[in-house]
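**Student:** Quick one: the structure is below, questions incoming.
The values are calculated or read from the model by the stated rules, or taken from the named source; none is laboratory data. Note that the structure is a prediction, hence the values are computed from the model and not measured. Note that each Cβ is placed from the backbone with ideal geometry, even for glycine, and that neighbours are counted across all protein chains shown.
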Amino acid sequence: MTDFIFLLIKGVLWVAVGVGMVPFLIYFERKWAGFFQSRVGPTYAGPWGSLQSFGDMAKLLSKEDVVPERADKAVFKLAPYILFVPGFLVMALIPFGPLNVDIFGHKVDLVIANFDAGAIMFMALGSIAVYGIVFAGWASNNHWSLLGGLRCGANMVSYEIAMGLALVGIFLMADSVNFSQIVDGQAGNFWNWYFIPQIVAFVIFFISSIAELNRDPFNVAEAEQELVAGHMTEYSGMRWGLFMFGEYVNMVVMSAVIATLFFGGWRAPFTALDFIPGFIWLIGKVLFFIFLYMWIRWTLPRYRYNQLMDIGWKIFLPLAIANLAVTAVIVSVVQR
Amino acid sequence: MAEKILFIIFASLAVLGALGVITRTNIVHGLLLLVFTFVNVAAVFLLTQAYFLAVIQVLVYAGAILVLFAFVVMFLNLKEFHQLEQLHGTQKWAVLVLAPILLAEIVVVVAGATWTSVGAGITPDAIAAQGGNVRVLGITLFNEMLLPFEMASLILLVGMVGAIVLAKKEDGASMALRDWTGDEEAAQAVVEQEV
Amino acid sequence: MTAMDLIVILPELILVVAGCLALVVEPYLKKDKTAAVTIVATALVASGAVAFGLAGETRAAFGNMVVLNDYAVFFKVLFAVAGVITVLMSPRYLAAYDRHLGEYYALLLFAIVGMDIMAAARDLMAFYVGLELMAVSSYLLAGFFRYHARSNEAALKYFLTGAFASAITLYGLSLVYGFAGATNYQQIGQALQATGNTTAIALATALVVVGTGFKVSMAPFHMWTPDVYQGAPTPVAGFFSVGPKAAGFSAILMLFLTVLDVSRSTWSILFIVLAVLTMAVGNLFALAQKNIKRMLAYSSIAHVGYLAAGLGALGRADDDLAGQAILLYLAAYTFMNLGAFAILACLKTQDPAGHGYTLAEFAGLARRAPWAAVLMSLFMFSLTGIPGTAGFIGKFYLFNAVVRADLAWLAVLAVIFSAVSAYYYLRVIMYMFFREPEREYVPREAIGGPLAAALALCAAGVIFIGLLPGSLWDAAVSSFGNFFG
């Protein structure tokens, strides 16, 4: 029974962090956008405009929910949920502390699900999330939406391969596909983290993750200038809000995964700093990567669709395979 | 007991989903239900502690393959499945009689058969002792199953070569007559000639 | 895995390497594909030679997945020979359609690798991946002329029926796995011996018979065959009629004699029924064909009927005579049927736009192309089973084995159907020599080079087996014995 209570606490904690961060992330995104574009961003609601997101949320909730007459209504309504539910599931796999910690006399794993094939599960759930966008595009019965959905489908399929192959290098080094063991493999100071030996994999994974998240400069599905708003064109009110919400939740999750795989997860950069709880470190790393995503989004112009495909297939895929081959050779030599 | 209940739930959801796939006339609904079916099958795999298989089921089937299906459906803009005119209309009725008989036959025979379990000695603890599900599967795959594994990679190579051979654009091939002469009749004659 | 394991699959390794090499070389070749053809033909010869050199050895590899023994060697050499002849038939024919690509040869080699594995497999896993490798390559080869509606139709029909057949086979085999708890042929055989021939095993047997029956086009699972052979490029159709068919029989013999030995009584009866049906359908439908390619397709179904009779006899008899006769028949059939298709390929290459394979177009061929007419007659005689040719030897041994298994009535039926087949085979000869052509034919340039070599090989094979069958029979006898290395 206590196990169950702890599980519940961990789950609520993670969901609260994931959901609770979103309004502030949106606020920061807008503030950063203002900074990069030499404007001030939101200022009106609350001190420095910090309550802007809550105002937006109230607006979205009170707006009329328009479903187009010719849309496929069931799929139209289902699609936003498909997008963000897998994101929450991935959160369950991310460890935020060591296994078997003593808390009030109970042995507790500081991860919701210490899943054997966790890192692959992350890929699998990511591949499910794409249906949200693809079917949203299809169900809207709108040319721009359909194009957006199609582009997103192709984009996901292309980048998932490079991403998966980049991950295999990590698996080889950690000798495991379990997130907790991958973090254990990076024990010690920050030069033991995998982003140094696996720098190629990190670059591939990080850039691919931008494509997976559908953010600029790979934001071809939404592509405001060409496709109105891509798959979201026909959505309004809170359903549209759910897409936005899903985007930010997925960003949090993706940052957490990158932190776990390449930057030691919950571990401190120096063992001397271990007294600060792992959870804090993880959140810090997550915020850092979210900042990177925002920085990139407001700095770089969007790639053309065919350029996106070229990068995925002609550069990242061969590079990822080369990285895998080199890693495999080195790991097998070192292990002998 | 809990596992049994969960199995019944997921298995029946999978069967219902599969039934939905073949009865929907809207192809995209069928596709969504197929994803649903695959996810439920993955859940059944999870219940048998085949974690890796479950994940791969979602990643490969529900994820990669069906996204391509969705892609094709959208490219061709298929909305509804229109039933083709049946050439052998009476066969429909023969199917109605014969298929249940075959099903009943298979059910009766299979229910009465004696099965040999290969699970003896393979317990979750034993697998955990050998380093977990993924490791045990990997070791099996690259030792006992090495030859079929490599053969499967050859099949994939053949698939890729075939896709290129069948789809690559060719310049000036006489068979692509239609493209450069515009003579529809001559082109049709070439298309239909004996090879 | 050790180096010794690799020797067991050395013939296949040669083919895989050559196939990949052909794929790599292809982009650097312009119109002239001699390099690719040379690589592939050399590899096939090397593969056959290596396999032949390994004859007499018996050993298992990859944890009893595959074996090296005379049975596997017999088929590997046979497939290599069929492959060489097909490769020699192809260049001019493909060039005539502007579809002379290196990928064609690579796919052919990969198909042969799959067939080799099917013959050598002693494990259901290896058998099935071999089957699929062969099948996927075959679908692509059937649809190789992608601008031709007929070729597309052939590929689609082959793919759909093939996938269906694979599914049925697989379902039967999955039941077998459930009963025996093993995928190794030997282990399954022993496990099933313990339970005896239950209803469940009979059901699995029936499913495997149906699935493999589809693959080798036994009636009533033959419907795809004429359309596929008619639509596939002619050398490919020739290859289909001998290669995958022989591979199918190699696997059928192995599966039913080792895995499903316990249900002998079931499958022998099934095969006898299928044999009668197949012989009737193949021969009677062939009578009505005006298109020679379709006629050869139905004739190939008829020959499968004779082979199925042999399978029925094998299940009934105590000795291996029928099995040895089936091997001999497959070897003889390879040469004569590929020869007939080579003649068709030759005529089509001379006149790609005009020739339609109709019987009428064979009228007066003897005057226009005497060599082609003479060779075609030889192959037709052989397919009929006239003494002095390979076909006679094959039928003689096969029907003899059927009689010895107390199935005299089946042998009599087979002979009667052979007599029926004489009508449609000899009709071709009659048209070639004694009919005036209905229209004027422009004299065509004779086809030399590789195609002539292919024809010469086939003719030599037919005559050699017809006159001196001793060595081949010995090979068949020694091959059919110890199945587990």
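**Student:** For the stretch A:47-70, indicate whether the set of residues that are buried (at least 20 other Cβ atoms within 10 Å of the Cβ), free of Cβ contacts under 8 Å to residues at least 40 places away in the same chain and not small (Gly, Ala, Ser) is non-empty.
**Tutor:** Here is the first cut: in the stretch A:47-70, the residues buried (at least 20 other Cβ atoms within 10 Å of the Cβ) are A:52-53.
Subsequent filtering for residues that are free of Cβ contacts under 8 Å to residues at least 40 places away in the same chain retains A:52-53.
Right, trim to not small (Gly, Ala, Ser) and you get A:52.
Yes: the stretch A:47-70 contains one or more residues that are buried (at least 20 other Cβ atoms within 10 Å of the Cβ), free of Cβ contacts under 8 Å to residues at least 40 places away in the same chain and not small (Gly, Ala, Ser).
**Student:** Taking residue A:218 as the residue in question, decide whether it is aromatic (Phe, Trp, Tyr), assigned to a helix (DSSP H, G or I) and crowded, with 23+ Cβ neighbours inside 10 Å.
**Tutor:** Working: aromatic (Phe, Trp, Tyr): yes; assigned to a helix (DSSP H, G or I): no; crowded, with 23+ Cβ neighbours inside 10 Å: yes.
So residue A:218 fails the test.
**Student:** Turning to a different aspect of this structure: Which condition does residue A:200 not pass, out of (1) over 19 Å from the mean Cα position of the chain (by Cα); (2) of a type in the set (A, V, I, L, M); (3) buried (at least 23 other Cβ atoms within 10 Å of the Cβ), if it passes all the others?
**Tutor:** Checking residue A:200 against (1) over 19 Å from the mean Cα position of the chain (by Cα); (2) of a type in the set (A, V, I, L, M); (3) buried (at least 23 other Cβ atoms within 10 Å of the Cβ), the one that fails is (3).
**Student:** Can we say residue C:65 is of a type outside the set (Val, Ile, Thr), more than 19 Å from the chain's Cα centre (by Cα), crowded, with 24+ Cβ neighbours inside 10 Å and under 30 Å from residue C:176 (Cα atoms)?
**Tutor:** It is true that residue C:65 is of a type outside the set (Val, Ile, Thr), more than 19 Å from the chain's Cα centre (by Cα), crowded, with 24+ Cβ neighbours inside 10 Å and under 30 Å from residue C:176 (Cα atoms).
**Student:** Name, by its number, the condition in (1) within 27 Å of residue A:167 (Cα to Cα); (2) within 14 Å of chain B (Cβ to nearest Cβ) that does not hold for residue A:76.
**Tutor:** Of everything listed in (1) within 27 Å of residue A:167 (Cα to Cα); (2) within 14 Å of chain B (Cβ to nearest Cβ), residue A:76 misses just condition (1).
Rundown of residues vs (1) surrounded by fewer than 24 Cβ atoms within 10 Å (Cβ to Cβ); (2) aliphatic (A, V, I, L, M), yes/no style:
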site	(1), (2)
C:39	yes, yes
C:52	yes, no
C:59	yes, no
C:70	yes, no
C:74	no, no
C:89	no, yes
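**Student:** Can you tell me which residue in the stretch C:152-161 is farthest from residue C:109 (Cα to Cα), limited to those that are at the interface with another protein chain (Cβ under 10 Å from one of its Cβ atoms) and at pLDDT 90 or above? Before you say what the answer is, go through the steps one by one.
**Tutor:** Within the stretch C:152-161, the first condition is being at the interface with another protein chain (Cβ under 10 Å from one of its Cβ atoms), and the residues that meet it are C:152, C:154-155.
Restricting the remaining residues to those that are at pLDDT 90 or above gives C:154-155.
Details: C:154: 20, C:155: 18 Å.
This residue is C:154.
**Student:** To continue, here is another question. Considering (1) part of a helix (DSSP H, G or I); (2) more than 15 Å from the chain's Cα centre (by Cα); (3) surrounded by fewer than 19 Cβ atoms within 10 Å (Cβ to Cβ), say which one residue A:287 fails and leave the rest.
**Tutor:** (2)
**Student:** Residues to consider are B:2, B:11, B:50; find the one that is out of contact with any Asp or Glu (no Cβ under 8 Å at 6 or more places or on another chain) and buried (at least 16 other Cβ atoms within 10 Å of the Cβ).
**Tutor:** B:50
**Student:** Something else: What are the residues in the stretch C:136-179 that are assigned to a helix (DSSP H, G or I), farther than 30 Å from residue B:115 by Cβ and hydrophobic (A, V, I, L, M, F, W, C), if any?
**Tutor:** Hits for the stretch C:136-179 are C:136, C:140, C:141, C:142, C:149, C:154, C:155, C:156, C:159, C:160.
**Student:** Tell me, which residue of the stretch A:13-34 that is surrounded by fewer than 16 Cβ atoms within 10 Å (Cβ to Cβ) and in contact (Cβ under 8 Å) with a residue 24 or more places away in the chain is farthest from residue A:284 (Cα to Cα)?
**Tutor:** Here the answer is A:33.
**Student:** Looking only at residues in the stretch A:293-310 that are in contact (Cβ under 8 Å) with a residue 40 or more places away in the chain and part of a helix (DSSP H, G or I), which one is surrounded by the fewest Cβ atoms within 10 Å (Cβ to Cβ)?
**Tutor:** A:295
**Student:** For the stretch C:80-105, enumerate the residues that are farther than 16 Å from residue C:232 by Cα and free of Cβ contacts under 8 Å to residues at least 12 places away in the same chain.
**Tutor:** Across the stretch C:80-105, there are no qualifying residues.
**Student:** If you don't mind, another one. Going through C:421, C:478 one at a time, which residue ends up being among the polar types (S, T, N, Q), closer than 30 Å to residue C:53 by Cβ and in a helix (DSSP H, G or I)?
**Tutor:** Going through C:421, C:478 in turn, just one is among the polar types (S, T, N, Q), closer than 30 Å to residue C:53 by Cβ and in a helix (DSSP H, G or I): C:478.
**Student:** Could you tell me which numbered condition residue A:157 fails, if it satisfies all but one of (1) under 15 Å from residue B:55 (Cα atoms); (2) at the interface with chain B (Cβ under 7 Å from one of its Cβ atoms); (3) surrounded by fewer than 21 Cβ atoms within 10 Å (Cβ to Cβ)?
**Tutor:** (1)
**Student:** Would you say residue A:120 is at the interface with another protein chain (Cβ under 9 Å from one of its Cβ atoms) and modelled with pLDDT of 85 or more?
**Tutor:** yes
**Student:** Check the stretch A:199-212 and report whether any residue there is in contact (Cβ under 8 Å) with a residue 40 or more places away in the chain, of a type in the set (A, V, I, L, M, F, W, C) and outside any helix (DSSP H, G or I).
**Tutor:** No; the residues of the stretch A:199-212 include none that is in contact (Cβ under 8 Å) with a residue 40 or more places away in the chain, of a type in the set (A, V, I, L, M, F, W, C) and outside any helix (DSSP H, G or I).
**Student:** Identify the residue in the stretch A:130-148 that is surrounded by fewer than 24 Cβ atoms within 10 Å (Cβ to Cβ) and at the interface with another protein chain (Cβ under 10 Å from one of its Cβ atoms) and, among all such residues, is farthest from the chain's Cα centre (by Cα).
**Tutor:** Taking the stretch A:130-148 and keeping what is surrounded by fewer than 24 Cβ atoms within 10 Å (Cβ to Cβ), we get A:141-144, A:146-147.
If we keep only those that are at the interface with another protein chain (Cβ under 10 Å from one of its Cβ atoms) as well, we get A:141, A:146-147.
Values: A:141: 28, A:146: 24, A:147: 23 Å.
Residue satisfying both the conditions and the ranking: A:141.
**Student:** Give me the pairs: first residue in the stretch C:203-217 and within 14 Å of chain B (Cβ to nearest Cβ) and free of Cβ contacts under 8 Å to residues at least 60 places away in the same chain, second residue hydroxyl-bearing (Ser, Thr, Tyr) and not in a helix (DSSP H, G or I), beta-carbon distance under 8 Å, and six or more apart or on different chains, which are they?
**Tutor:** none
**Student:** Still on this structure, I have one more. Residue C:182 fails exactly one of the following numbered conditions: (1) surrounded by fewer than 21 Cβ atoms within 10 Å (Cβ to Cβ); (2) in a helix (DSSP H, G or I). What is the number of that condition?
**Tutor:** Among (1) surrounded by fewer than 21 Cβ atoms within 10 Å (Cβ to Cβ); (2) in a helix (DSSP H, G or I), residue C:182 violates only (2).
**Student:** Sort out which residues of the stretch A:161-175 are in contact with a Gly (Cβ under 7 Å, 6 or more places away or on another chain) and either charged (D, E, K, R) or within 11 Å of chain B (Cβ to nearest Cβ) (or both), and write them in order of number.
**Tutor:** Those that are in contact with a Gly (Cβ under 7 Å, 6 or more places away or on another chain) and either charged (D, E, K, R) or within 11 Å of chain B (Cβ to nearest Cβ) (or both): none in the stretch A:161-175.
Residues checked against (1) facing another protein chain (nearest Cβ under 8 Å); (2) under 27 Å from residue C:133 (Cβ atoms); (3) at pLDDT 85 or above:
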{"position": "B:124", "(1), (2), (3)": "no, no, no"}
{"position": "B:127", "(1), (2), (3)": "no, no, no"}
{"position": "B:131", "(1), (2), (3)": "no, no, no"}
{"position": "B:139", "(1), (2), (3)": "no, yes, yes"}
{"position": "B:142", "(1), (2), (3)": "no, yes, yes"}
{"position": "B:151", "(1), (2), (3)": "yes, yes, yes"}
{"position": "B:155", "(1), (2), (3)": "yes, yes, yes"}
{"position": "B:159", "(1), (2), (3)": "yes, yes, yes"}
{"position": "B:173", "(1), (2), (3)": "yes, no, no"}
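**Student:** Collect the residues in the stretch A:1-12 that are in a helix (DSSP H, G or I) and loosely packed, with under 14 Cβ neighbours inside 10 Å, keeping them in residue-number order.
**Tutor:** Of everything in the stretch A:1-12, those that are in a helix (DSSP H, G or I) and loosely packed, with under 14 Cβ neighbours inside 10 Å turn out to be A:2, A:3, A:4, A:5, A:8, A:9, A:12.
**Student:** Restricting attention to helices (runs of 4 or more DSSP H) lying wholly within the stretch C:3-106, give those where 1 or more residues are within 12 Å of another protein chain (Cβ to nearest Cβ).
**Tutor:** In the stretch C:3-106, C:3-8, C:10-25, C:70-96 are the helices (runs of 4 or more DSSP H) which contain 1 or more residues that are within 12 Å of another protein chain (Cβ to nearest Cβ).
This table checks each residue for (1) within 30 Å of residue C:367 (Cβ to Cβ); (2) basic (Lys, Arg); (3) surrounded by fewer than 20 Cβ atoms within 10 Å (Cβ to Cβ).
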position: C:435; (1), (2), (3): yes, yes, yes
position: C:444; (1), (2), (3): yes, yes, yes
position: C:454; (1), (2), (3): yes, no, no
position: C:474; (1), (2), (3): no, no, yes
position: C:481; (1), (2), (3): no, no, yes
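**Student:** Look at residue C:164 and say whether it is modelled with pLDDT under 95, within 7 Å of chain B (Cβ to nearest Cβ) and over 15 Å from the mean Cα position of the chain (by Cα).
**Tutor:** No: the conditions fail for residue C:164.
**Student:** Sort out which residues of the stretch A:258-272 are in a loop (DSSP other than H, G, I, E, B) and buried (at least 20 other Cβ atoms within 10 Å of the Cβ), and write them in order of number.
**Tutor:** A:263, A:264, A:265, A:266, A:267
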